[in-house]
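Input: a single structure, listed below in structure tokens.
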Amino acid sequence: MLDNLTQRLGRAMKALRGEARLTENNIQDALREVRLALLEADVALPVVKQFITAVRDKAVGQEVLSSLSPGQALVGVVQRELAALMGGAAAPLNLATTPPAVILLAGLQGSGKTTTAAKLARRVRDEARKKVLLVSCDVYRPAAMDQLETLAKELGIDCFAATPDAQPLTIARAALDWARRHYHDVLIVDTAGRLSIDEAMMREIAELHAALNPVETLFIVDAMQGQDAVNTASAFGAALPLTGIVLTKLDGDARGGAALSVRQVTGAPIKFAGVSEKLNGLEVFHPDRMASRILGMGDVLSLVEEAHKQVDVEEAQKLARKVKSGRGFDLDDFKAQIGQMRKMGGMQGLLDKLPGELARAAQATQVDERAIGRLEAIINSMTPAERARPELLKASRKRRVATGAGVSVQEVNRLLAQFEQAQKMMKMVAKGGVQKMLRGLRGGFPGLR
């Protein structure tokens, strides 16, 4: 997202090399590049003007510390102002009310409300340890209720049964009563969307808000909408007292300027960002971290948090003890490492959070998620004995494994070569040769060539 802005900023900062102070003259060209990049990324014009003015006011006259280049000093100013533009600090959900706490979701059709409802329910259940009830008040879109029910079933979360022939207000009141009687802590209400804003839609959502008195009213906006997202946000902000925004489809290839505009236009904080289609693909939105990612600094904090949540500590300790004892690193361990990486969003998910230079270097090695899937298929086609002792895999066995995995024998050989390199790395770790291990890291990752 916003790759163009990242590249333009890099070029703009290079122009400031050798300057001892940031002045109106020497930052003019740099700010022009920033302005053009923001406009091309579909950031709203009033927001761009306000942002550029704020950066100029903070930057002009600023002394450049001996340890920083002028470009780095300007990046610091831009990073702080970008973070301020998107809200400054992360805004948590407010569930401090007498149960059930009602969360009302609003937005246009196709913005991802129903999927977001399920993702949010999973997050509230797993992280806030709350009993959640989902309900769909969308009586217009075919199978909308079935979709939410299916997602709820997949997650093991309660979903209030409703039929499309009922009125949205009747469904909402019945769901609220059910939540009270069955001791649910949180009720998440998915509402109907339209292809465009109309009076009937706004009247219906306003009636639902009045009847439910939600503690959170979240506006779901598609980051790929560009300028339309800003117009939609303005209309919903005028009709409802929005308490937060959820940006969906941030993993898309669009210009993504909505992320920089919506908060400024509505005044409501961006609380969550949808980063994948999977049901665990909803992240807390950290403006400072997003600003760092836009500027090519990466988001290592989020990467560490994701690792802490997804990595099985017990399995990792077991592997560490095994390697340390000298018993070796086998193909079952190799497959387990691939699985851990998948849980963290795969190689692409990891690269998205790396600082710019590291990410570009890794991208140059061609990340192929399908290749990683093929590696798992090859390992699954081996017998337990072959996984424990890969040296057993001679020509005839390799042919059998290749046939079982639906790949060529060359791909089996490639996997064994990658495994052999990973095995050498693990032996180095066991002997304390971390520096040597780091030099061999590139070849040890499956899916990197």
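The values are calculated or read from the model by the stated rules, or taken from the named source; none is laboratory data. It should be emphasised that the depicted structure is a prediction, and the values quoted were computed from it without experimental measurement. All Cβ positions, even for glycine, are placed from backbone atoms using ideal geometry, and neighbour counts span all protein chains on display.
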Checklist entry - Taking the stated definitions as given, is Q418 crowded, with 17+ Cβ neighbours inside 10 Å, out of contact with any Lys or Arg (no Cβ under 9 Å at 6 or more places or on another chain), modelled with pLDDT of 60 or more and under 14 Å from I379 (Cα atoms)? => result yes
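For every residue, the table says whether it meets (1) modelled with pLDDT of 65 or more; (2) of a type outside the set (V, I, T); (3) surrounded by fewer than 13 Cβ atoms within 10 Å (Cβ to Cβ).
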site: S381; (1), (2), (3): yes, yes, no
site: P390; (1), (2), (3): yes, yes, no
site: S396; (1), (2), (3): yes, yes, yes
site: V429; (1), (2), (3): no, no, no
site: R439; (1), (2), (3): no, yes, yes
site: G443; (1), (2), (3): no, yes, no
site: G447; (1), (2), (3): no, yes, no
Checklist outcome for this item: Just one listed residue, out of R194, R203, is farther than 18 Å from P99 by Cβ, basic (K, R) and not in a loop (DSSP other than H, G, I, E, B), and it is R203
Checklist entry - Restricting attention to segment 230-271, which residues are at pLDDT below 85, hydrophobic (A, V, I, L, M, F, W, C) and closer than 17 Å to K113 by Cβ? => result A233, A235, F236, A239, L250, A258, V262
Item to check | Unmet criterion (only one of (1) in a loop (DSSP other than H, G, I, E, B); (2) at pLDDT 85 or above; (3) surrounded by fewer than 22 Cβ atoms within 10 Å (Cβ to Cβ)) for R173 | outcome: (1)
Checklist outcome for this item: Checked segment 133-166 for anything surrounded by fewer than 23 Cβ atoms within 10 Å (Cβ to Cβ), in contact with a strand residue (DSSP E or B) (Cβ under 6 Å, 6 or more places away or on another chain) and free of Cβ contacts under 8 Å to residues at least 24 places away in the same chain; matches are E149
Checklist entry - Does any residue of segment 92-108 turn out to be free of Cβ contacts under 8 Å to residues at least 12 places away in the same chain and of a type outside the set (S, T, Y)? => result no
Checklist outcome for this item: For segment 80-111 the number of residues that are under 23 Å from S261 (Cβ atoms), of a type outside the set (A, V, I, L, M), surrounded by fewer than 23 Cβ atoms within 10 Å (Cβ to Cβ) and in contact with a helix residue (DSSP H, G or I) (Cβ under 9 Å, 6 or more places away or on another chain) is 4
Item to check | Which listed residue, of L82, L120, is outside any strand (DSSP E or B), under 30 Å from I52 (Cβ atoms) and either in the same structural domain as K249 (by TED's automatic domain parsing) or out of contact with any Pro (no Cβ under 7 Å at 6 or more places or on another chain) (or both) | outcome: L82
Checklist outcome for this item: Filtering segment 191-230 for residues that are more than 20 Å from C137 (Cα to Cα), touching a residue at least 12 places away in the same chain (Cβ under 8 Å) and surrounded by fewer than 17 Cβ atoms within 10 Å (Cβ to Cβ) leaves a count of 1
